[in-house]
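To start, the structure under review is shown below, and the notes come after it.
The values are calculated or read from the model by the stated rules, or taken from the named source; none is laboratory data. Note that the coordinates shown come from a computational prediction; the quantities given were computed from them, not determined experimentally. Methodologically, a virtual Cβ is constructed for each residue, glycine included, from the backbone with ideal geometry; neighbour enumeration extends over all protein chains shown.
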Amino acid sequence: MSIIGWIVVGLIAGGLARWIVKDDRSGCIYTMIVGVLGAMIGGWLMSIIDSNGVDEFSLRSIGVAAIGAVLLLLVLQAIAGRGPRNAG
C-alpha cells in the first residue's frame, strides 16, 4: 500500500478507534498517528492468526487497523491512569 493509502487508512481507523474508546484528544495528526500505529499493531496480530495483515485498501484493512488502534488507545489510557495522585 502506498503512503497515501496508509494515511487514509490511518485517519479512518484512528477516528473509529477514538470514537469507540471515547478519547478526548483532538487533532488530525494525532488521529492519523494512532491509526497508522494501530494498523501496524493490528496487521502484526492478524499476520500471526491468518498470515494476512494490512496489505491493501479494503474494509478488512480498516477494521484490522481500527482494532489495533483501539488496543493502542486502551494501553495509552492505562499507562496515563497510573501516574502519581495528589493526596490533597
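Structure notes:
- Residues of segment 16-50 classified as over 15 Å from residue 6 (Cβ atoms), assigned to a helix (DSSP H, G or I) and not basic (Lys, Arg), total: 12
- Just one of the listed residues (43, 53) is farther than 15 Å from residue 12 by Cα, at pLDDT below 80 and within 13 Å of the chain's Cα centre (by Cα), namely 43.
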